[in-house]
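We did not get these values from a lab; they are worked out from the coordinates using the rules stated. Everything quoted here is computed from the prediction, not taken from an experiment. Here the Cβ positions follow ideal geometry from the backbone for every residue, glycine too, while neighbour counts run over all protein chains shown.
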Amino acid sequence: MQKRKLYLDCDGVILDTIRKSYEIIENQNLTTRDEIKFFYEKINWNELIIKSGEIDHSISKIRKLSNFFDIEILTHVHSEVEAKAKFDYFAKELPGINVISVPKSIDKCDMVDPNGAILVDDFITNLEKWKKKGGIPIKFSDSGKKCDFTTITDLTQLLEIDFAIKLK
């Protein structure tokens, strides 16, 4: 039986880089769009990834999920340095799981075929576009805040959701 395609966002789903980077931005008093863009392009991504850590043991949960899904990490990136840092990190932590780096100027749903595939993302705009292209959007929220999309707070909840999708 073929496994369902599952795309996982990195920042805010697997790694806590968003929360950590927002702390740094606030501490450095960066306020303009240009300052923040420059920050994300120039930050040491290897260091940010290590300092941020994973969200709720996500790496071990992804290993478990890989028995049931064909998983790829689909992540927006600000620079080649960020793409390389994420590739290196996941090559070590999740060997065999492909990392697809998507430039910020390109929609995730235009980088891969979303039709019938699940995307777990914390950014609603990505989920809306994914759904319009025939994909299955799942909102990840570590706070449990609800939205119009099916929302999970733990990656292992995907096993229950996928089972329900197959029954439809």
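Laid out as a table, the results:
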{"read-out": "Extension gain, Asp122 back to Ile100 (0.36 nm per residue minus Cα-Cα distance, nm)", "value": "6.2 nm"}
{"read-out": "Dimensions in Å of the chain - Rg and Dmax from alpha carbons", "value": "15.7, 52"}
{"read-out": "Cα-based equivalent ellipsoid, the range 16-69: semi-axes from gyration tensor eigenvalues, Å", "value": "29, 11, 9"}
{"read-out": "Computed [θ] at 222 nm, helices only, for the chain once each DSSP H run of length n ≥ 4 contributes -39500 (n - 2.57)", "value": "-12000 deg cm²/dmol"}
{"read-out": "Relative pair counts by distance (%), Cα atoms of the range 46-144, 5 Å bins", "value": "2, 12, 20, 24, 24, 15, 3, 0"}
{"read-out": "Cross-link partners of Lys51 among aspartates and glutamates (Cα-Cα below 19 Å; sequence separation of 8 or more within a chain)", "value": "Asp9, Asp11, Asp16, Glu23, Glu26, Glu41, Glu82, Asp88, Glu93, Asp142"}
{"read-out": "Paramagnetic reach from Gln2 in the range 59-74 [backbone N under 17 Å; point 7 Å along Cα→Cβ]", "value": "68-72"}
{"read-out": "Pairs beyond 24 Å (Cα-Cα), from Lys5/Lys139; Lys5/Lys92; Lys42/Lys139; Lys84/Lys133", "value": "Lys42/Lys139; Lys84/Lys133"}
{"read-out": "Principal axis dimensions, largest first and in whole angstrom, of the range 91-130 by Cα", "value": "31, 24, 19"}
